[in-house]
Amino acid sequence: MSRAYCAVCIAHIAALLAVSLPARSATTPTAGDLARCAGIAAPDARLACYDGLAGRAADRAATPAETAAAAAPAIRAAPTTPAPAPAPTAPASAGEAQNFGLTPAQRHPAPEGPAAIQARIEKIIEDRRVGRTYVVLDNGQTWSFTDAEEDARLGPGDPVTIKHAALGSFLMTTASRHTYHVRRTQ
(Lines give C-alpha, C1' and ligand atoms only; values in the text may rest on other atoms or scores of the structure.)
Protein backbone atom coordinates (compact mmCIF):
# COMPACT_ATOMS: atom_id res chain seq x y z
CA MET A 1 0.00 0.00 0.00
CA SER A 2 1.39 3.39 -0.86
CA ARG A 3 1.79 6.25 1.57
CA ALA A 4 -0.42 8.47 -0.53
CA TYR A 5 -3.25 5.93 -0.37
CA CYS A 6 -2.93 5.67 3.44
CA ALA A 7 -2.96 9.45 3.76
CA VAL A 8 -6.15 9.65 1.70
CA CYS A 9 -7.79 6.94 3.84
CA ILE A 10 -6.87 8.76 7.05
CA ALA A 11 -8.24 12.03 5.65
CA HIS A 12 -11.55 10.34 4.80
CA ILE A 13 -11.82 8.81 8.26
CA ALA A 14 -11.09 12.17 9.90
CA ALA A 15 -13.75 13.85 7.76
CA LEU A 16 -16.33 11.20 8.65
CA LEU A 17 -15.55 11.55 12.34
CA ALA A 18 -15.81 15.32 12.18
CA VAL A 19 -19.25 15.09 10.55
CA SER A 20 -20.57 12.37 12.86
CA LEU A 21 -19.47 13.84 16.20
CA PRO A 22 -21.70 16.54 17.70
CA ALA A 23 -20.30 20.00 17.84
CA ARG A 24 -19.01 21.07 21.25
CA SER A 25 -19.31 24.60 22.54
CA ALA A 26 -16.08 26.47 22.98
CA THR A 27 -16.97 27.55 26.50
CA THR A 28 -16.83 25.38 29.55
CA PRO A 29 -19.58 25.81 32.16
CA THR A 30 -18.39 27.76 35.17
CA ALA A 31 -19.16 27.11 38.82
CA GLY A 32 -21.65 30.00 38.68
CA ASP A 33 -23.49 28.35 35.78
CA LEU A 34 -23.69 25.06 37.67
CA ALA A 35 -24.84 26.84 40.84
CA ARG A 36 -27.55 28.62 38.84
CA CYS A 37 -28.85 25.28 37.55
CA ALA A 38 -28.59 23.69 40.98
CA GLY A 39 -30.71 26.47 42.47
CA ILE A 40 -33.71 25.69 40.25
CA ALA A 41 -36.41 23.92 42.27
CA ALA A 42 -38.45 22.39 39.42
CA PRO A 43 -36.80 19.12 38.29
CA ASP A 44 -37.66 19.55 34.59
CA ALA A 45 -36.42 23.12 34.51
CA ARG A 46 -33.23 22.13 36.36
CA LEU A 47 -32.61 19.37 33.81
CA ALA A 48 -33.23 21.77 30.94
CA CYS A 49 -30.68 24.15 32.46
CA TYR A 50 -28.05 21.40 32.72
CA ASP A 51 -28.85 20.27 29.17
CA GLY A 52 -28.31 23.83 27.97
CA LEU A 53 -24.90 23.94 29.67
CA ALA A 54 -23.94 20.62 28.09
CA GLY A 55 -24.97 21.80 24.63
CA ARG A 56 -27.71 19.20 24.30
CA ALA A 57 -31.00 19.98 22.66
CA ALA A 58 -33.98 19.41 24.90
CA ASP A 59 -36.11 16.41 24.02
CA ARG A 60 -39.24 18.47 24.46
CA ALA A 61 -40.21 22.12 24.45
CA ALA A 62 -39.93 23.77 27.84
CA THR A 63 -42.95 25.55 29.29
CA PRO A 64 -42.74 29.32 29.71
CA ALA A 65 -42.49 28.91 33.49
CA GLU A 66 -39.58 26.50 33.10
CA THR A 67 -37.81 28.81 30.68
CA ALA A 68 -38.25 31.76 33.07
CA ALA A 69 -37.02 29.69 35.99
CA ALA A 70 -33.97 28.58 34.02
CA ALA A 71 -33.13 32.15 33.02
CA ALA A 72 -33.60 33.57 36.52
CA PRO A 73 -30.48 34.04 38.61
CA ALA A 74 -29.92 31.41 41.26
CA ILE A 75 -31.00 32.22 44.75
CA ARG A 76 -28.10 31.73 47.10
CA ALA A 77 -29.05 29.44 49.92
CA ALA A 78 -27.44 29.66 53.30
CA PRO A 79 -24.80 26.99 53.82
CA THR A 80 -26.44 23.95 55.26
CA THR A 81 -25.19 22.14 58.29
CA PRO A 82 -24.37 18.48 57.85
CA ALA A 83 -27.12 16.07 58.71
CA PRO A 84 -26.82 14.56 62.17
CA ALA A 85 -25.36 11.08 62.30
CA PRO A 86 -27.95 8.33 62.57
CA ALA A 87 -28.68 7.15 66.06
CA PRO A 88 -26.75 4.04 66.98
CA THR A 89 -28.80 0.89 66.75
CA ALA A 90 -28.85 -1.87 69.26
CA PRO A 91 -26.18 -4.50 68.63
CA ALA A 92 -27.39 -7.51 66.69
CA SER A 93 -27.73 -10.84 68.40
CA ALA A 94 -25.30 -13.62 67.50
CA GLY A 95 -27.85 -15.32 65.21
CA GLU A 96 -28.60 -12.09 63.36
CA ALA A 97 -24.90 -11.29 62.99
CA GLN A 98 -24.21 -14.65 61.38
CA ASN A 99 -26.96 -14.06 58.79
CA PHE A 100 -26.06 -10.41 58.12
CA GLY A 101 -25.86 -9.78 54.38
CA LEU A 102 -27.17 -13.20 53.34
CA THR A 103 -30.20 -13.55 51.11
CA PRO A 104 -33.00 -15.82 52.35
CA ALA A 105 -31.81 -18.51 49.94
CA GLN A 106 -28.32 -18.34 51.43
CA ARG A 107 -29.51 -18.65 55.01
CA HIS A 108 -29.34 -22.26 56.02
CA PRO A 109 -32.04 -23.19 58.48
CA ALA A 110 -31.04 -25.42 61.35
CA PRO A 111 -31.69 -29.06 60.50
CA GLU A 112 -34.87 -30.37 62.01
CA GLY A 113 -34.81 -33.40 64.22
CA PRO A 114 -32.15 -34.79 66.50
CA ALA A 115 -28.44 -34.21 65.91
CA ALA A 116 -27.76 -37.96 66.24
CA ILE A 117 -29.56 -41.24 66.87
CA GLN A 118 -28.37 -44.32 68.72
CA ALA A 119 -29.62 -47.77 67.86
CA ARG A 120 -28.63 -51.43 67.61
CA ILE A 121 -28.19 -53.35 64.39
CA GLU A 122 -31.01 -55.80 63.86
CA LYS A 123 -29.71 -57.39 60.65
CA ILE A 124 -27.32 -56.81 57.74
CA ILE A 125 -28.39 -57.40 54.15
CA GLU A 126 -25.85 -57.74 51.35
CA ASP A 127 -27.25 -57.21 47.84
CA ARG A 128 -24.58 -58.60 45.53
CA ARG A 129 -26.56 -57.61 42.39
CA VAL A 130 -26.04 -53.90 43.03
CA GLY A 131 -23.02 -54.24 45.32
CA ARG A 132 -24.67 -52.60 48.33
CA THR A 133 -24.77 -53.49 51.98
CA TYR A 134 -27.83 -52.46 53.99
CA VAL A 135 -28.09 -52.19 57.77
CA VAL A 136 -31.51 -52.57 59.39
CA LEU A 137 -31.69 -50.97 62.85
CA ASP A 138 -33.89 -51.90 65.78
CA ASN A 139 -35.89 -48.66 65.29
CA GLY A 140 -37.01 -49.81 61.80
CA GLN A 141 -34.69 -47.56 59.78
CA THR A 142 -32.63 -49.00 56.93
CA TRP A 143 -29.30 -47.43 55.99
CA SER A 144 -26.91 -48.28 53.15
CA PHE A 145 -23.18 -47.67 52.92
CA THR A 146 -22.39 -45.01 50.31
CA ASP A 147 -18.96 -46.42 49.53
CA ALA A 148 -19.20 -49.87 47.97
CA GLU A 149 -15.66 -50.69 49.13
CA GLU A 150 -16.51 -50.33 52.84
CA ASP A 151 -15.75 -53.44 54.88
CA ALA A 152 -18.41 -53.07 57.55
CA ARG A 153 -17.35 -55.78 60.04
CA LEU A 154 -20.64 -55.26 61.80
CA GLY A 155 -22.96 -57.81 63.29
CA PRO A 156 -26.47 -58.00 64.70
CA GLY A 157 -26.73 -56.45 68.16
CA ASP A 158 -23.84 -54.00 67.66
CA PRO A 159 -24.62 -50.47 68.92
CA VAL A 160 -24.20 -47.65 66.39
CA THR A 161 -24.61 -43.88 66.39
CA ILE A 162 -25.66 -42.04 63.25
CA LYS A 163 -25.11 -38.28 63.06
CA HIS A 164 -25.16 -35.45 60.53
CA ALA A 165 -21.95 -34.87 58.59
CA ALA A 166 -20.90 -32.27 56.02
CA LEU A 167 -22.99 -31.40 52.96
CA GLY A 168 -26.07 -33.29 54.08
CA SER A 169 -24.34 -36.64 54.51
CA PHE A 170 -24.44 -38.96 57.52
CA LEU A 171 -21.82 -40.91 59.47
CA MET A 172 -22.42 -44.21 61.24
CA THR A 173 -20.04 -44.72 64.16
CA THR A 174 -19.55 -48.10 65.82
CA ALA A 175 -18.64 -48.84 69.43
CA SER A 176 -15.02 -49.33 68.29
CA ARG A 177 -15.09 -45.73 66.89
CA HIS A 178 -14.97 -46.81 63.22
CA THR A 179 -17.04 -44.52 60.98
CA TYR A 180 -18.87 -45.24 57.74
CA HIS A 181 -20.63 -42.88 55.35
CA VAL A 182 -24.25 -44.00 55.11
CA ARG A 183 -27.48 -42.97 53.42
CA ARG A 184 -30.96 -43.70 54.71
CA THR A 185 -33.05 -45.85 52.37
CA GLN A 186 -36.10 -46.50 54.60
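What residue, of R129, R120, is exposed (fewer than 10 other Cβ atoms within 10 Å of the Cβ), at negative phi and modelled with pLDDT of 85 or more? Testing whether each residue is exposed (fewer than 10 other Cβ atoms within 10 Å of the Cβ), at negative phi and modelled with pLDDT of 85 or more leaves just R129. If you filter the stretch 136-148 down to residues that are surrounded by 10 or more Cβ atoms within 10 Å (Cβ to Cβ) and over 14 Å from F170 (Cα atoms), you find that the one that is nearest to the chain's Cα centre (by Cα) is A148.
May I ask you to list the residues in the stretch 149-165 that are modelled with pLDDT under 85 and under 42 Å from the mean Cα position of the chain (by Cα)? Scanning the stretch 149-165 gives E149, E150. One residue stands out in the stretch 105-117 among those that are of a type in the set (A, V, I, L, M) and surrounded by fewer than 10 Cβ atoms within 10 Å (Cβ to Cβ): the one that is nearest to H164 (Cα to Cα), namely A115.
The values are calculated or read from the model by the stated rules, or taken from the named source; none is laboratory data. Remember, it's a predicted structure, so these values are computed and weren't measured experimentally. No Cβ is skipped: glycine too gets one built from the backbone with ideal geometry, and neighbour counts run over all protein chains shown.
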